[in-house]
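Written below as structure tokens is the structure these notes are about.
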Amino acid sequence: MDFKIARDDTWPEISFEERIGTAEFRIHERAHIVVDGDTCRGCSTRECVVACPANLFVPTSDGGILFNYENCFECGTCYLVCNKEGAISWNYPEGGYGVVFHRT
Amino acid sequence: MSRFDADAIVVGAGPAGSCAALALARAGKNVILVERGPFAGSKNMYGGVVYPRILDELVPNWWETAPVQRWVVRRSTMILADDNAFTIDYRTPSWGRPPYNGATAYRPDFDHWLSRQAVAAGATLVTSTTVTGLLRDPAGRVNGVRTDRPDGDLSAPIVIACDGVNSFLAKEAGLYTATDAANFTVGVKETLALPRSVIEERFGVRDDHGVDIEILGGTSGVNGGGFIYTNLETVSLGVVLKLPKLTAQSKRPEEIIAGLKRHPAIAPLIEGATVQEYSAHVIPEAGLSMMPTMVTDGMLVAGDAAALCLAAGIWLEGVNFAMASGMYAGRAAAAAIDQGDVSAKGLAGYTKLLEESFVLADHRKLKDIPGLVLSDRVQQKYPGFVTSVIERVFRVDNPNPKPGLRRIVREERKRAGIKLGDLLRDGWKGMRGFG
Ligand SMILES: Cc1cc2nc3c(=O)[nH]c(=O)nc-3n(C[C@H](O)[C@H](O)[C@H](O)COP(=O)(O)OP(=O)(O)OC[C@H]3O[C@@H](n4cnc5c(N)ncnc54)[C@H](O)[C@@H]3O)c2cc1C
Ligand code: SF4
Ligand code: SF4
């Protein structure tokens, strides 16, 4: 057995890009989730930024939220934790598109 | 019949949907099973263990063909505090023989296999198709679904919504109203690659035997729990986190996983493993208190779409509850078609089947457990209390004499800031809740 463990580097902490890169996403050109920037500007709690497992909600320097739908697990966490009416309009992607799990 | 595309349309080819379609097809009904993923199971993720005994009724000798990773012969519950752990560990080779108890499996494999059973029985599976809404007749009764395919309307006297935890169909029908974030947890996991022999050495199993570990504590102060399940050449490791607590604590899910992986009781098990796949999914946690109305005119709801996942805190059973409720929904739908009454009244047999089976019996029995296990005391105070009591019981502190259990419990309870009354109340609640 040639499985070796580097004791000083037990599991190199992987970057978020590498982490999300382990999942397959078949990206459709139409965004299935749309975030309303104006509503977010007035939000101080930012639940989505903490909770989205795919880390897709990024605060911008001007107090807004940058959202990209492409690497989304379609889990529903964001619309459940966001308590601002109308901030997130959430749908499933077109049939056949979006995340495709393999070893889950 | 001819004015409809089918006798029934089942939305979602997860365990609930495939069993609903299978039951309908076995009853000789013409059923269309619609799935939005490119194949059944492609959208589905869970911790990792299926308890498939309910399949005895639908797929005899299912264990001969089901895509199982390992048969669980060892089940543990771990309580983690800062740097120490207390584990209750049970093992028996008998769970490694037919008819088995639990099995680790990947959902994209398992759900795909189950959908093929429905197809083999005569169901029509349509993949890569998202259902976007319900169709209704002039009287408001559900009689089909709209899909995102061009000319994609599908009509049938009965629709069974098996579309999972976010069930937009049950919400559209006005059945599912408990959408408060407090009723949900999010599960995130890493599928960690390790050589087969390393897994077997570290977890003390051989051949196709495996281990199931549920974990209380170790979630960085966010109420929830952790899990580790062995597959053939990977280990599934993840956490389940209560949504309002997650946002209140401002800790990102992948950081909480990293914290769990660093715990001295966990680290040696997964040392050197690489992340093969990262995934996430939401769980309906609140059981009985969040369940929707199960039927309306022309429509039934099953599985997670009906919040039927049994989340007894950290011990999750959802796939078996989905398979059973799907099967009962399919049977009740077939009976309603035969009797020519697909109104809510004609479909009420479904609720009765759920009541008479383990599905609602178990939910009733364990109704107080999710709240108790995810409560602040059980989450924040008890793990440290339990491990420090155990530590002092096991420690040999010569030349000091042994302190005696009662004194240890009293001192550690005080140190943990737990009131005696609360401890007794929670203990009683737990005894009653599991009893
Ligand atoms: C982290 C985690 C750990 C878990 N651990 C376990 C465990 O170890 N053991 C266990 O038994 N249970 C576990 N569960 C629970 C279990 O996964 C669920 O209870 C179970 O998957 C429910 O099955 P279902 O068929 O109702 O829904 P799902 O499995 O969610 O299936 C729903 C299906 O419907 C499809 N769908 C949804 N909307 C549409 C639409 N509009 N159009 C077409 N198709 C649609 C989806 O693509 C999906 O295939 C866990 C869950 C999570 C999240
Ligand atoms: S999506 Fe919701 S939680 Fe997130 S910033 Fe916008 S309003 Fe706030
Ligand atoms: S559905 Fe889940 S993964 Fe997608 S944006 Fe919302 S929280 Fe993130």
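Taking interchain pairs and intrachain pairs at least six residues apart, which have beta carbon atoms under 9 angstrom, with the first residue in segment B:122-142 and within 14 Å of chain A (Cβ to nearest Cβ) and the second assigned to a strand (DSSP E or B) and open to solvent by 40 Å² or more (accessible area, probe 1.4 Å)?
Partner pairs satisfying both residue conditions: B:V131/B:R146; B:T132/B:R146; B:G133/B:R146.
Here is a list: B:V240, B:V235, B:V222, B:V211. Which entry is without any contact (Cβ under 8 Å) to a residue 40 or more places away in the chain and either within 23 Å of the chain's Cα centre (by Cα) or closer than 30 Å to B:A361 by Cα (or both)?
Residue meeting the stated conditions: B:V222.
Can you tell which of B:V165, B:V119, B:V142 is among the aliphatic types (A, V, I, L, M) and within 16 Å of ligand 3 (Cβ to nearest atom)?
B:V165
Scan segment B:293-308 residue by residue and report those that are away from ligand 3 (no atom under 16 Å from the Cβ) and either without any contact (Cβ under 8 Å) to a residue 24 or more places away in the chain or within 14 Å of chain A (Cβ to nearest Cβ) (or both).
Hits for segment B:293-308 are B:A305, B:A307.
For segment B:172-179, state whether one or more residues are within 16 Å of ligand 2 (Cβ to nearest atom), closer than 30 Å to B:L300 by Cβ and modelled with pLDDT under 95.
There is at least one residue in segment B:172-179 that is within 16 Å of ligand 2 (Cβ to nearest atom), closer than 30 Å to B:L300 by Cβ and modelled with pLDDT under 95.
Just need a number here: residues in segment A:79-104 that are under 27 Å from B:V34 (Cβ atoms), within 13 Å of ligand 2 (Cβ to nearest atom) and within 10 Å of chain B (Cβ to nearest Cβ).
Counting residues in segment A:79-104 that are under 27 Å from B:V34 (Cβ atoms), within 13 Å of ligand 2 (Cβ to nearest atom) and within 10 Å of chain B (Cβ to nearest Cβ) gives 3.
In segment B:95-112, how many residues are over 12 Å from B:N231 (Cβ atoms) and open to solvent by 10 Å² or more (accessible area, probe 1.4 Å)?
Final tally of qualifying residues: 8.
Residues of segment A:20-31 being without any contact (Cβ under 8 Å) to a residue 60 or more places away in the chain, small (G, A, S) and farther than 10 Å from A:E70 by Cβ, which ones?
Residue satisfying the conditions is A:G21 alone.
Restricting to segment B:260-290, give me the number of residues that are at the interface with chain A (Cβ under 8 Å from one of its Cβ atoms) and small (G, A, S).
Summing the residues that are at the interface with chain A (Cβ under 8 Å from one of its Cβ atoms) and small (G, A, S) in segment B:260-290 gives 5.
Every residue in segment B:47-67 that is within 14 Å of chain A (Cβ to nearest Cβ) and either open to solvent by less than 30 Å² (accessible area, probe 1.4 Å) or of a type in the set (A, V, I, L, M, F, W, C) (or both), please.
B:G47, B:G48, B:V49, B:V50, listed by residue number.
From the list B:G303, B:G330, B:G326, pick out the single residue that is under 28 Å from B:N143 (Cα atoms), at pLDDT 95 or above and out of contact with any strand residue (DSSP E or B) (no Cβ under 8 Å at 6 or more places or on another chain).
B:G303
Looking at this structure, is B:S115 outside any strand (DSSP E or B), away from chain A (no Cβ under 14 Å), open to solvent by 10 Å² or more (accessible area, probe 1.4 Å) and out of contact with any His (no Cβ under 7 Å at 6 or more places or on another chain)?
No: the conditions fail for B:S115.
Would you pick out the residues in segment B:280-333 that are out of contact with any Asp or Glu (no Cβ under 6 Å at 6 or more places or on another chain), of a type in the set (V, I, T) and within 25 Å of B:I257 (Cβ to Cβ)?
Once the filter is applied, which keeps residues that are out of contact with any Asp or Glu (no Cβ under 6 Å at 6 or more places or on another chain), of a type in the set (V, I, T) and within 25 Å of B:I257 (Cβ to Cβ), segment B:280-333 yields B:V282, B:I283, B:V319.
Does B:L300 meet the test of being in a helix (DSSP H, G or I) and away from ligand 1 (no atom under 11 Å from the Cβ)?
So B:L300 fails the test.
Can you tell me which of A:C72, A:C48 is more than 8 Å from every other protein chain (Cβ to nearest Cβ), modelled with pLDDT of 95 or more and within 16 Å of ligand 1 (Cβ to nearest atom)?
So the residue among A:C72, A:C48 that is more than 8 Å from every other protein chain (Cβ to nearest Cβ), modelled with pLDDT of 95 or more and within 16 Å of ligand 1 (Cβ to nearest atom) is A:C72.
Being open to solvent by 30 Å² or more (accessible area, probe 1.4 Å), in contact with a Lys or Arg (Cβ under 8 Å, 6 or more places away or on another chain) and of a type in the set (K, R) narrows it down to one of B:R74, B:R26, so name that one.
The conditions single out B:R74.
Look at segment A:79-102 and say how many of its residues are aliphatic (A, V, I, L, M) and more than 16 Å from A:A31 (Cβ to Cβ).
Summing the residues that are aliphatic (A, V, I, L, M) and more than 16 Å from A:A31 (Cβ to Cβ) in segment A:79-102 gives 3.
Which of the residues belonging to segment B:293-332 are surrounded by fewer than 24 Cβ atoms within 10 Å (Cβ to Cβ) and more than 19 Å from B:I369 (Cβ to Cβ)?
Result: B:T293, B:T296, B:D297, B:R331.
Can you name the residue in segment A:9-24 that is modelled with pLDDT of 95 or more and open to solvent by 50 Å² or more (accessible area, probe 1.4 Å) and is also farthest from the other protein chains (Cβ to nearest Cβ) among such residues?
Across segment A:9-24, the extreme among qualifying residues is A:E17.
Enumerate the strands (runs of 3 or more DSSP E) found wholly within segment B:178-259, keeping only those where 3 or more residues are within 12 Å of ligand 1 (Cβ to nearest atom), closer than 21 Å to A:C48 by Cβ and within 8 Å of another protein chain (Cβ to nearest Cβ).
Strands (runs of 3 or more DSSP E) meeting the threshold: B:184-193.
Of everything in segment B:347-372, what is over 19 Å from B:M431 (Cβ atoms) and open to solvent by less than 20 Å² (accessible area, probe 1.4 Å)? Give them in sequence order.
B:L347, B:Y350, B:L354, B:S357, B:V359, B:L360
Within segment B:319-338, is even one residue more than 16 Å from ligand 1 (Cβ to nearest atom), part of a loop (DSSP other than H, G, I, E, B) and over 30 Å from B:S76 (Cβ atoms)?
There is no residue in segment B:319-338 that is more than 16 Å from ligand 1 (Cβ to nearest atom), part of a loop (DSSP other than H, G, I, E, B) and over 30 Å from B:S76 (Cβ atoms).
I'd like to check something: does segment B:373-382 contain any residue that is among the aromatic types (F, W, Y), buried (at least 17 other Cβ atoms within 10 Å of the Cβ) and touching a residue at least 24 places away in the same chain (Cβ under 8 Å)?
Yes, some residue in segment B:373-382 is among the aromatic types (F, W, Y), buried (at least 17 other Cβ atoms within 10 Å of the Cβ) and touching a residue at least 24 places away in the same chain (Cβ under 8 Å).
The values are calculated or read from the model by the stated rules, or taken from the named source; none is laboratory data. Please read all numbers here as calculations on a predicted model, not as lab measurements. Because the Cβ atoms are built from the backbone with ideal geometry, glycine has one as well, and the counts that use them run over all protein chains shown. Remember, those area values only see protein heavy atoms, side chains included, never the ligands or the DNA or RNA. Shrake-Rupley method; radii C 1.70, N 1.55, O 1.52, S 1.80 Å.
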